[in-house]
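The values are calculated or read from the model by the stated rules, or taken from the named source; none is laboratory data. Everything numeric in this text was worked out from a predicted model, so none of it was measured. For neighbour counting, all protein chains shown are included, and Cβ atoms are generated from backbone atoms with ideal geometry for every residue, glycine included.
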Amino acid sequence: MASEKHFKYLVLGGGVAAGYAAREFAKHGLQPGELAIISKESVAPYERPALSKGYLAPQNAARLPGFHTCVGSGGEKLLPEWYADKGIELILSTEIVKADLATKTLTSADGATFICEILLIATGSSTIKLTDFGVQGAESNNILYLRDIEDADKLVAAMQAKKDGKAVVVGGGYIGLELGAALKTNNFDVTMVYPEPWCMPRLFTAGIAHFYEGYYASKGINIVKGTVASGFDADANGDVSKVNLKDGRVLDADIVIVGVGGRPLTGLFKGQVEEEKGGLKTDTFFETSVAGVYAIGDVATFPMKLYNEPRRVEHVDHARKSAEQAVKAIKAKETGETAAEYDYLPYFYSRSFEVAWQFYGDNVGETVLFGDNDPATEKAKFGTYWVKDGKVIGVFLEGGSAEENQAIAKVARAQPPAADLEALSKEGLDFASKI
Ligand code: FAD
């Protein structure tokens with residue numbers, strides 16, 4: 001007979017938010033057997049951003065247990081033994097295929113049932129696949145995606161099998177940029193393809209992208225813009241050999257890595273809970289419209305206090321902080337108290353080769369470039385302010401020191417007035433340092 005297990009608290013998903021939620025529960029004191037984490041993955045929660053960075057390094061590559069949560073934010077590395085010591089059950093390699101939110105009952109692919117009093121949904125996102133759109137030849141071998149450690153291992157194996165070969169990166173977002181750099185560092189001949197006029201258009205301005213595209217070109221990466229991959233050819237083994245572009249060009253390829261975006265994994269809960277902006281709608285405590293059901297990390301659409309509107313955020317910093325907030329709120333409720341409101345300042349970062357940037361705040365309004373964004377400059381330092389209604393509300397900085405990054409975070413939070421945009425550009429980082 002299929003098993004049935006009961007828990008007080010259950011986290012569905014074993015990624016970043018799950019690891020930080022477990023640590024927060026433990027901080028508040030847990031009875032053995034009260035908390036379980038159910039994950040499709042075969043390993044304990046880890047810092048997912050490592051997969052497109054240290055995991056792909058040609059030497060001294062990061063490997064588990066080196067990057068289990070919560071090391072990414074300077075915290076304790078929670079090894080599987082830590083969960084066992086705390087009496088937290090890690091139910092790994094287990095996919096939930098059915099969720100009944102009204103009774104808080106989850107059913108796994110092999111028919112096991114899990115029932116809880118409080119459910120935290122932390123299913124994250126899935127990658128959008130070219131096969132979803134029926135792109136011709138997209139099922140060929142070595143057309144790869146990157147979301148979890150299994151995907152990362154496939155990429156590492158492909159890099160070994162196709163040593164010093166040709167790689168095509170489809171997509172010019174941060175995943176595409178990080179993977180383009182990783183493949184180049186592994187001695188691949190890399191071409192990046194994206195339809196937009198410049199890379200990372202959701203955040204980068206033309207001025208920001210000018211630097212990174214020039215920098216990537218100086219590293220030997222070929223960039224093809226304004227077109228998309230419309231089909232793939234494979235050799236007799238079924239391995240991808242060519243990428244056909246919509247504009248008629250054809251690129252040779254031994255490996256294709258696709259980074260064209262993700263989708264929050266909310267399908268299990270359709271029709272059972274309120275949704276908004278593609279995510280599960282929550283209050284400031286990350287509780288959904290179903291009492292006792294919380295949503296954290298990539299899947300949550302929460303009230304962003306700073307901008308007074310609901311937002312969904314797909315970044316690691318928010319995954320960590322939303323998890324902590326939800327657990328604080330759950331524990332406060334148990335003692336009749338109320339947790340403080342979630343007052344999140346959006347923060348996002350990326351790094352590749354020797355460049356590293358940070359962004360805080362909101363990227364709407366007019367933009368003001370400052371500093372030297374010439375890709376030929378060694379150790380370039382430059383940035384951009386976003387100014388809306390006469391106030392600075394977002395800041396991007398490449399090459400900042402720890403103090404400078406702290407300064408831009410402070411600006412994005414304080415939203416100081418800046419009437420004269422020319423003066424702001426001239427003042428550059430000094431403006432942030434004064435706040
Ligand atoms: P996830 O960490 O994705 O965890 C979701 C978990 O749920 C997974 O374990 C998954 O297997 C499990 N799951 C899903 N459905 C089921 C099911 N039905 N049954 C059982 N288990 C299930 N953000 C940044 O800010 N900076 C970066 O540099 C950065 N780099 C990244 C690099 C990569 C390669 C990727 C993929 C993401 C990166 N991100 C980055 C984004 C960041 O990692 C995510 O925002 C964060 O992981 C979200 O945390 P989460 O817990 O919501 O989801």
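Would it be correct to say that A167 is assigned to a strand (DSSP E or B) and within 11 Å of the ligand (Cβ to nearest atom)?
no
When P58 is evaluated against the numbered criteria (1) over 27 Å from V97 (Cβ atoms); (2) in contact (Cβ under 8 Å) with a residue 60 or more places away in the chain; (3) under 20 Å from the mean Cα position of the chain (by Cα), which criterion, by number, is the only one it fails?
Here P58 meets the rest and fails (3).
Just to be sure I understand the filter: pairs with C-beta atoms under 8 Å, separated by 6 or more residues or on different chains, first member in the stretch 93-118 and among the basic types (K, R), second member away from the ligand (no atom under 12 Å from the Cβ) and assigned to a strand (DSSP E or B). Which pairs pass?
Every condition considered, the pairs that remain are K104/I115; K104/C116; K104/E117; K104/I118; K104/L119; K104/V293.
Any residue at all in the stretch 330-338 that is small (G, A, S), closer than 30 Å to L35 by Cα and modelled with pLDDT of 95 or more?
There is at least one residue in the stretch 330-338 that is small (G, A, S), closer than 30 Å to L35 by Cα and modelled with pLDDT of 95 or more.
Report, by residue number, each residue of the stretch 66-113 that is among the charged types (D, E, K, R) and either out of contact with any helix residue (DSSP H, G or I) (no Cβ under 7 Å at 6 or more places or on another chain) or more than 23 Å from E47 (Cβ to Cβ) (or both).
E76, E81, D85, E89, E95, K98, D100, K104, D110
Would you confirm whether any residue within the stretch 315-324 is in the same structural domain as G19 (by TED's automatic domain parsing) and in contact with a Lys or Arg (Cβ under 7 Å, 6 or more places away or on another chain)?
Within the stretch 315-324, one or more residues are in the same structural domain as G19 (by TED's automatic domain parsing) and in contact with a Lys or Arg (Cβ under 7 Å, 6 or more places away or on another chain).
Does L64 count as modelled with pLDDT of 95 or more and within 12 Å of the ligand (Cβ to nearest atom)?
So L64 fails the test.
Identify all residues within the stretch 1-42 that are part of a helix (DSSP H, G or I) and either under 19 Å from E314 (Cα atoms) or more than 16 Å from the ligand (Cβ to nearest atom) (or both); write none if there are none.
V16, A17, A18, G19, Y20, A21, A26, K27, H28 - these are the residues of the stretch 1-42 that are part of a helix (DSSP H, G or I) and either under 19 Å from E314 (Cα atoms) or more than 16 Å from the ligand (Cβ to nearest atom) (or both).
Scan the stretch 279-328 for residues that are β-branched (V, I, T) and farther than 14 Å from Y342 by Cα and jot them down.
Across the stretch 279-328, the qualifying residues are T288, V290, V293, V299, V316.
Filter the stretch 196-214 down to the residues that are in a loop (DSSP other than H, G, I, E, B) and either crowded, with 17+ Cβ neighbours inside 10 Å or not assigned by TED's automatic domain parsing to the domain that holds V256 (or both) and list them by number.
W198, C199, M200, L203, F204, T205
Would you point out the residue of the stretch 330-342, among those that are within 30 Å of L203 (Cβ to Cβ) and surrounded by 12 or more Cβ atoms within 10 Å (Cβ to Cβ), that is farthest from the ligand (Cβ to nearest atom)?
Ranking the qualifying residues of the stretch 330-342, first place goes to E341.
If you scan the stretch 67-88, which residues turn out to be in contact with a strand residue (DSSP E or B) (Cβ under 9 Å, 6 or more places away or on another chain), part of a loop (DSSP other than H, G, I, E, B) and among the small types (G, A, S)?
Matches in the stretch 67-88: G87 only.
Could you tell me which of the residues D189, D235, D239 is surrounded by fewer than 17 Cβ atoms within 10 Å (Cβ to Cβ) and more than 16 Å from the ligand (Cβ to nearest atom)?
Result of the check over D189, D235, D239: D235.
Assess whether K281 counts as being free of Cβ contacts under 8 Å to residues at least 24 places away in the same chain and within 16 Å of the ligand (Cβ to nearest atom).
No: the conditions fail for K281.
Go through the residues of the stretch 323-337 one by one and say whether even a single one is in contact (Cβ under 8 Å) with a residue 60 or more places away in the chain, touching a Gly at 6+ places or on another chain (Cβ under 7 Å) and of a type in the set (G, A, S).
yes
Counting just the residues of the stretch 126-153 that are assigned to a helix (DSSP H, G or I) and surrounded by 18 or more Cβ atoms within 10 Å (Cβ to Cβ), which one comes out nearest to the ligand (Cβ to nearest atom)?
By that ranking, first place goes to A152.
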